[in-house]
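Working notes, beginning with the structure itself.
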Amino acid sequence: MTSFAFVADDFTGATDALWQFRRLGLTGSLVTDAGRLDDAYDVIGIATTARASADPVPVVLPVLKAVAALRPLVIQYKVCSTFDSSPAHGSIGAVIAALHREGLARGPVPVLAAQPELGRYTWFANHFVRSGAEVHRLDRYPPMRDHPVTPASESDLRIRLAEQGAGRVGWLPASPAPSEEAYRALGEDAAFVADAQTEEHVRALGRLLLADAGSRGGPLYCVGSGGLSHALASAHVAAAGAGRRREPEPLGPAAPVLVVSGSRSPITVRQIDAAERAGWRVLDAFSGLRGATGSFAGLLAEVAESLGEGRHTIVQSTRGPARDPAAIGDLLGRIASVAVRAGLVGRLVVAGGDTSGQVVAALGARSLDVVAALAPGAPVCVLTSDDPAYDGLEVALKGGQVGGDDYFLAVAAEGPGEKG
């Protein structure tokens, strides 16, 4: 029986959400097609490309209705812990408004963006991001302030959601024992932003939401990051005595690793730089686009030569000027598809949420299951596909702002400074 379902607005976030449930011992699967839903798991997830859509509602609403047929206690709309959205792209507020308009949400929709283990915190409804030793307000954090598609000009998530058409948005202060009275007092709001600074705050909110869900005749609809997934999983395990904490499994070395990166994050730039210093080959994806100096065939030949030599290889559009993201994603999907089919790839990494959706589609993925965690928010998965060339492939889908500088080395099971 399915207790929890989530619909993710991108593929990297989807794998993070699944890991939050699986790490506590719950059974689960992430699928790419609503026609493949299965109620044999504790949790079922569906990955979409809603975050890249001008209007995410037509993308996610049919999927939200499909998972509701499984009658889970809670349905989560999984969004990024940096709240990547705007009125023009991947609007979270528009999805909340649609939940009410369609009669799916009854009462305010809880919104938890915080994910303390990733350094994401919400306080007085304002969102913050830790980067190294510093904590930045969201609208002063350079990767989000200067984001090329969804720049954060406001850190108060109530204002962000209202600008996106969510309606009136309330606020629930954080507490190790949040008040049920304060929770009920939010009843006339379309949604409310929940504060959290610590794991204790996250778990306490999970208990409150799970108690509410258990008193309803239908699912409780929530919006949030992997922190919300962890809150729900923790509350369920504590209440039912179910599950067993699943320790991250060690990864054996994989040679060679292919990284395809459409991320524009400076964090991914540092990860590419670290891998290059360790001897990895780095190729510019732009050379494979029509109209660029070079050609797709020429780039593919370089990739095949490098992988054929057993060398870890990165094909990226991360460094340098911004380029057409849709064209880059399509190109990287074709590169990955051909290289994997040729048997040249020991392990695949995709950097960038929107890019991940395009690459996973190019591999004909039917579902994914997480098998190891190298960094919070970026687990390694095993892909299942009807095409035997791709079935069983180990793949890590990494959000642009996730992971330490040595993330790619860790995926290859190398220590810093070891050669590819």
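The values are calculated or read from the model by the stated rules, or taken from the named source; none is laboratory data. If you're wondering where the values come from, they're calculated on a predicted model, not measured in any experiment. Positions of Cβ are backbone-derived with ideal geometry, glycine not excepted, and every protein chain shown enters the neighbour counts. The area values use the complete protein model at the heavy-atom level, side chains included, leaving out ligands, DNA and RNA. Shrake-Rupley method; radii C 1.70, N 1.55, O 1.52, S 1.80 Å.
Give me the extension gain from Ala238 to Arg101: residue separation times 0.36 nm, minus the current Cα-Cα distance, reported in nm with one decimal. Don't skip to the answer; put the middle values down first.
Values: separation 137, 0.36 × 137 = 49.32 nm, distance 3.40 nm.
The span from Ala238 to Arg101 would gain 45.9 nm if fully extended.
One Cα centroid belongs to segment 140-196, the other to segment 318-377; the line between them spans 31 Å. Across segment 179-285, the relative contact order, built from alpha-carbon pairs under 8 Å that are at least six residues apart, equals 20 percent. Sequence-ordered 3J(HN,Hα) estimates for segment 56-73 from the Karplus curve with 6.51, -1.76 and 1.60 and θ = phi - 60° stand at x, 4, x, 6, 9, 4, x, 6, 4, 5, 5, 6, 4, 5, 7, 6, x, 5 Hz, glycine and proline given as x. Which of the GluC sites (Glu not before Pro) found in segment 89-145 are loop residues per DSSP with 13 or fewer other Cβ atoms within 10 Å of their Cβ? Counting only loop positions with at most 13 other Cβ atoms within 10 Å, the GluC sites (Glu not before Pro) in segment 89-145 are Glu102. Charge dipole (Cα centre; +1 on Lys/Arg Cβ, -1 on Asp/Glu Cβ; no other charges) of the chain amounts to roughly 260 debye. The residues of segment 251-403 have, on average, 35 Å² of accessible surface per residue, using a 1.4 Å probe with all protein chains present. Checking the a/c ratio against 1.5 first, then a/b against b/c, what shape does the Cα gyration tensor give for segment 267-416? Judged from the Cα gyration tensor, segment 267-416 comes out rounded (a/c under 1.5).
For the chain, dividing the convex hull volume of the Cα atoms by the residue count gives 125 Å³ per residue. Residues in segment 97-103 carry Karplus couplings, in order, of 4, 5, 4, 6, 4, 8, x Hz; the curve used is 6.51 cos²θ - 1.76 cosθ + 1.60 with θ = phi - 60°, and Gly or Pro positions show x.
What is the percent carbon and sulfur in the accessible area of the chain, measuring with a 1.4 Å probe over the protein chains and ignoring ligands?
Details: 7970 of 15400 Å².
Within the chain, the accessible surface is 52 percent carbon and sulfur.
Database remark: amide H of Leu283 closer than 5 angstrom to the amide H of Ile314, Val315, Gln316 (H placed geometrically; neighbours at sequence offset of 5 or more, or on other chains; Pro and chain starts carry no H). For segment 323-381, what does the alpha-carbon gyration tensor say about shape, rounded, prolate or oblate, given a ≥ b ≥ c as the root eigenvalues, a/c under 1.5 as rounded, and a/b over b/c as prolate? The shape class here is oblate.
Checking every one of the trypsin sites (Lys or Arg not before Pro) in segment 337-420 against DSSP loop status and a limit of 15 other Cβ atoms within 10 Å picks out Lys419. For Ala372, nonlocal amide neighbours, meaning residues 5 or more places apart or on other chains whose placed amide H falls under 5 Å from its own, are Val380. Contact order for segment 261-420, expressed relative to its length and based on alpha carbon pairs under 8 Å spaced 6+ residues apart, stands at 29 percent.
The amide H of Tyr221, built 1.01 Å from its N in the peptide plane, has Ile75, Arg106 as neighbours under 5 Å, considering only residues 5 or more places off or on other chains.
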